[in-house]
Each structure stands twice: as C-alpha cells, then as structure tokens.
Amino acid sequence: MVKVLMIEDDLELAEIITNYLKSFDIEVESYDSPYLGLSTLEMKKDFELLILDLTLPEIDGLELIPKIRNVSEIPIIISSARDDILDKVMGLERGADDYLPKPYNPRELQARIKAILKRTASTNAAQLPEEQTTNNSAFFIKDDDMQISFKSQTLSLTLAEFDILKLLIQRNGAVVAREDFIYSSDHIEDDSSLKNIDVIISRIRNKISKIDDSKTYIKSVRGIGYQLI
C-alpha cells in the first residue's frame, strides 16, 4: 500500500481525502499541526508523497517547504484554496512538485498522485541499456521493441505483462510491492485491484514455465508483492 503524509488543518477535508484514497490502496496519515507533520516525516521514512496545505496554524505552508526539503526529497503536492499566482510560483520554486487549487475533485488528486509516483519510480528505477541482462542472466529486455526474452526465447507478453516483468527485472531481486506495479505502468488502470496484479503475475509465470518449469522464477512475498529470483 502506498503511504502518503498529509498536513492539512481542515479535518473534514482530510477525512474525505483519507477515505477516498483508501479505495485506491493509498494510506493517508494526516496531521493538522505542521510541526508535528514535519517531525513525523523525519522519524518515518516510508512515506512516498506529501500533501501540503498552505494556510496552516503555527507556520505558513510556503515557509514549511524549505524545512521539509532539509530532511527529505519526498514529492510534495500543494493543496490550497489560495489561488494567487505568486503562491503557486513560490511553492514550486521552493521545492513542491505540483499545485492543486481547492476546491477539487478527489479523483483529480488521486490522478496527480499516480502521475508523480510514476515519474518517481521511473527516475529511481535501474537504468538498463537497450538490451542487457540483470543479475538473473536468463532475462533480456529490449525496450525499443517492448520485448523480453527468457533463455534466448522471446516471451509473448501483453503491454501490462511487459511492464510488470520489466520492473521485476530492473529491481534485480528486490521485492516489488503490488502497488508499485500499478503506479509504474501506463497499461494498468489506476483503479485496478491488487488481485488483478496477482492474475497478471500468474499469466507471466505460466509463460515462463513453458520454457523452463524447473523452478518458480517469480516468488510471492506475503503481504507485500513479488520478487524475481
């Protein structure tokens, strides 16, 4: 599940956003105190994105952004009723990644979260040459052709299957959360359930086993996701 930190003093709005995003497997931890939110960010390192209001008690959100950047490079979406262009420019110049003026539909916020996390995943993913193996030398990726070969045989993959297997290969044996597959792919609907990921993984396993059924190359990690072994 994607973990998001929210600093928002409108408790009713925070509850609406929290409940809405939960249906997309996004867990929101919300604070109405900016300093408490900041200290939580310093202590917990598992947040993937921060939603920040500007008009806050204790300190203005624009003043808080540099303090956030001193402790974290977490992506920031400003969520504010202030529509002055200067606020927008200052927020982005100080390190925010997006600015969403209130009022807005929570569906738009979810779409922006997905877009930012997808860019982040793309930036952080291992950069492979056009054709190269990973630690598991059985797999080769050809990005230009959107093909993956296994033991010198090209796998017949759908676009979603290609995205999922490619991410597993790029992670070089690291565990990939189910949510990461959704947010890193352009070919999986953002409202897809985690069960849909399990179904796609099952199809990939079946295709790999037709070439080599001596072992399971994609291992399930209970409660988290999958890893390539």
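Treating the Cα atoms of the range 26-111 as identical point scatterers in vacuum, please give the log10 of the normalised Debye intensity I(q)/I(0) at q = 0.11, 0.12, 0.27 Å⁻¹, two decimals. Each listed q corresponds, in turn, to -0.27, -0.32, -1.65. Here the dipole of the range 137-229 is about 620 debye; that uses its Cα centre as origin and unit charges on the Cβ of Lys and Arg (positive) and Asp and Glu (negative). Under a 5 Å amide H cut-off, with hydrogens placed 1.01 Å from N, Leu49 pairs with Leu5 among residues at least 5 apart or on other chains.
Please compute the net charge surrounding Lys219, taking Lys and Arg as +1 and Asp and Glu as -1 over other residues with Cβ under 14 Å from its Cβ. Net charge in that neighbourhood comes out at +4.
Solvent-accessible area of the chain (1.4 angstrom probe, protein heavy atoms only): carbon and sulfur portion equals 48 percent. Averaged over its residues, the chain has an accessible area of 50 Å² per residue, based on protein heavy atoms and a 1.4 Å probe.
Stretching Glu73 away from Arg119 to a fully extended chain increases their span by 15.2 nm, per 0.36 nm per residue minus the current alpha-carbon distance. Look at the alpha carbon pairs under 8 Å that are at least 6 residues apart: their mean separation over the length of the range 1-93 gives a relative contact order of 29 percent. For the range 12-50, chymotrypsin sites (Phe, Trp or Tyr not before Pro) meeting the loop criterion (DSSP other than H, G, I, E, B) and having at most 10 other Cβ atoms within 10 Å: none. A Förster radius of 25 Å, combined with the Cβ-Cβ distance separating Asp145 from Asn172, puts the computed FRET efficiency at roughly 0.70. The amide H of Leu100, built 1.01 Å from its N in the peptide plane, has Ile78, Ser79, Ser80 as neighbours under 5 Å, considering only residues 5 or more places off or on other chains. Match the structure shown to one of the listed values (1) 35, 19, 14; (2) 33, 20, 15; (3) 39, 17, 15 of semi-axes √(5λ) of the Cα gyration tensor in Å, computed from it, and give that label. Label of the calculated value: (3). Across the range 1-157, the mean sequence separation of Cα contacts (distance under 8 Å, 6 or more residues apart), normalised by length, yields a relative contact order of 16 percent.
The values are calculated or read from the model by the stated rules, or taken from the named source; none is laboratory data. Here the structure is a predicted model, which is why all the values come from computation and not from measurement. A quick note on method: Cβ atoms are made from the backbone with ideal geometry, for glycine too, and the neighbour counts reach across all protein chains shown. Calculation scope for accessible area: heavy atoms of the full protein, side chains included, ligands and nucleic acids excluded. Shrake-Rupley method; radii C 1.70, N 1.55, O 1.52, S 1.80 Å.
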